[in-house]
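The values are calculated or read from the model by the stated rules, or taken from the named source; none is laboratory data. Nothing here was measured: the structure is a model prediction, and the numbers come from that model. Every residue, glycine as well, gets a Cβ built from its backbone with ideal geometry; the counts of neighbours run over all protein chains shown.
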Amino acid sequence: MAEREQQEQYKARWKLIGPGIVVAATGVGSGDMVASLVAGERFGYALLWAVVVGCVVKIALAEATGRWHLASGQTIFDGWRGMGVWTFVFFAPYIVIWGFVYGATAMSATALPLQALFPAVPLWVFAVAAGITGLLFVWFNRYPVLERVMTVLVGLLFVTVVGLAVYLVPDLGSLAGGLVPSTPEDSLFYTLGLIGGVGGTITMAAYGFWVNAKGWRSPAWIRMMRLDNRVAYITTGVFVVAMLIVGAELLHTAQIAMAEGDEGLITLAEVLRERFGTFVSVVFLVGFFAAAYSSLLGVWHGVSLMFADFVGNIRGRADRSVEERETSWEFRAFLLWLTFPSMLLLLLDRPIALVIAYGVLGSAFMPFLAFTLMWLLNTRRTPREWRSGILSNTGLAVAGALFLVLCGQEVWNRITGV
């Protein structure tokens, strides 16, 4: 009887998993798919270990974000406000510029697979439709509906992308060999990119807000949050490994070069059509769409929620519930900002200065998040029993150092034009 009750409790815990699915679906966009595909195409399975390291680093970072929200009873912005005004001075231009540029990126990425399926329709039509449908969905729905839709999109992504990797029958010996750390010639850039890019965006900070939106608002939920977080990044790792397998088995062995950017996924769809027929190509494009559109929905909701709390802190309204933030004017103002001004970038070349600011601020955010969390979770701001231990501090330190290197590399590339 006791064993049966334990099994029922275990099943109940698994049914509660949700914020992790949302953060996994949001974090794995077309950029992560392209990065892992290119790594597989150029280096085979040699960089598989970097994917594993990236997942471990993100587990440490997301766990710290969720633990701060639950243990302190405050949001990340409450914590940053207590560290000084410099945190808000950094974040204000970051979120405005990031939202402007990312909005266009997300809409374009979502439009690419749709145009490949329906080539008679211009790309901008699908891009505008993606932005507006994302706006309307988030405007009129709350977090529970978002979670259900994201679960469906993750299911689509899993069936299509992981199914394709299994269909290609990977070389298990080479796959296992890729778990041994190695850095082939000219692979440093791709290695750092894989470690830093496995679902790593501003949505890492949004995870704490989704945890609260789920109804988890006290230290009693920390154990559940940790399970949810591990499921999220193991799922993320499976997706990225699947794309690495596709790159290694389909492109690396045939010496097929990838196109740059998201267009590389269209190149892959064409290769799949030539080798396996239209059906397999269409199935992959559906998975591509699920990855891109889930990222769009997650950012439209999660980052707008962060912006609402950010402005609320400035206005002295930091005590609002998630439900109140979801219907606030700040939330909806940022939704509009992500959608309509960004459409201008679909029609015009991106201004060089804006792109440079976007790249530098974006690369600086992750070390900023890692080191500020490390500070907050080791001070009296956090109850003693929930402060970071050796394992968490090591994970946050490694994450911060790694992202600091990536930030320096990004700044150098912007200065030199490499």
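Scanning segment 178-193 finds no residues that are among the small types (G, A, S), more than 16 Å from V51 (Cα to Cα) and modelled with pLDDT of 80 or more. Selection of segment 330-375 for residues being modelled with pLDDT of 80 or more and not in a helix (DSSP H, G or I) yields only F340.
Residues in segment 186-193: is at least one among the acidic types (D, E) and assigned to a helix (DSSP H, G or I)? Checked against the condition, which is being among the acidic types (D, E) and assigned to a helix (DSSP H, G or I), segment 186-193 yields no hits at all.
Name the one entry in R273, R223 that is over 30 Å from F310 (Cβ atoms), surrounded by fewer than 19 Cβ atoms within 10 Å (Cβ to Cβ) and modelled with pLDDT of 85 or more. Sole residue among the options that is over 30 Å from F310 (Cβ atoms), surrounded by fewer than 19 Cβ atoms within 10 Å (Cβ to Cβ) and modelled with pLDDT of 85 or more: R273. You will find that of G178, G163, the residue that is more than 16 Å from the chain's Cα centre (by Cα) and closer than 30 Å to A64 by Cα is G178 and no other. Contact map, segment 56-75: residues that are in a loop (DSSP other than H, G, I, E, B) paired with residues that are modelled with pLDDT of 90 or more, Cβ distance under 6 Å, separation 6+ or inter-chain. Pairs shown: T75/D309. Residues in segment 325-337 include none that are β-branched (V, I, T) and in contact (Cβ under 8 Å) with a residue 60 or more places away in the chain. Just checking: which of the helices (runs of 4 or more DSSP H) contained wholly in segment 105-172 hold 2 or more residues that are aliphatic (A, V, I, L, M) and in contact with a Ser or Thr (Cβ under 7 Å, 6 or more places away or on another chain)? Result: 123-140, 143-157. Counting only residues that are part of a helix (DSSP H, G or I) and within 24 Å of A24 (Cβ to Cβ), which one in segment 251-265 is modelled with the lowest pLDDT? Checking each candidate, the answer is G264.
Does segment 303-313 include one or more residues that are over 19 Å from the mean Cα position of the chain (by Cα), farther than 21 Å from G208 by Cα and either charged (D, E, K, R) or buried (at least 16 other Cβ atoms within 10 Å of the Cβ) (or both)? Steps first, please.
Initially, segment 303-313 is screened for residues over 19 Å from the mean Cα position of the chain (by Cα), giving 308-313.
When the remaining residues are screened for being farther than 21 Å from G208 by Cα, the result is none.
No, segment 303-313 has no match at all.
If you go through segment 26-43 and keep only what is modelled with pLDDT of 85 or more and either under 19 Å from T105 (Cα atoms) or in contact with a Lys or Arg (Cβ under 8 Å, 6 or more places away or on another chain) (or both), you end up with just T26. Of all residues in segment 193-220, those being surrounded by 15 or more Cβ atoms within 10 Å (Cβ to Cβ) and either farther than 18 Å from Y233 by Cβ or of a type in the set (V, I, T) (or both) number 10. Close contacts from segment 169-192, counting a first residue that is surrounded by fewer than 16 Cβ atoms within 10 Å (Cβ to Cβ) and a second that is among the basic types (K, R), with Cβ to Cβ under 9 Å and a gap of 6+ residues or different chains, come to P184/R42; D186/R42. Taking every residue in segment 125-153 that is without any contact (Cβ under 8 Å) to a residue 40 or more places away in the chain and pairing it with any residue that is in a helix (DSSP H, G or I), at least 6 positions away or on another chain, the pairs with Cβ-Cβ distances below 6 Å are F126/A111; F126/L114; F126/Q115.
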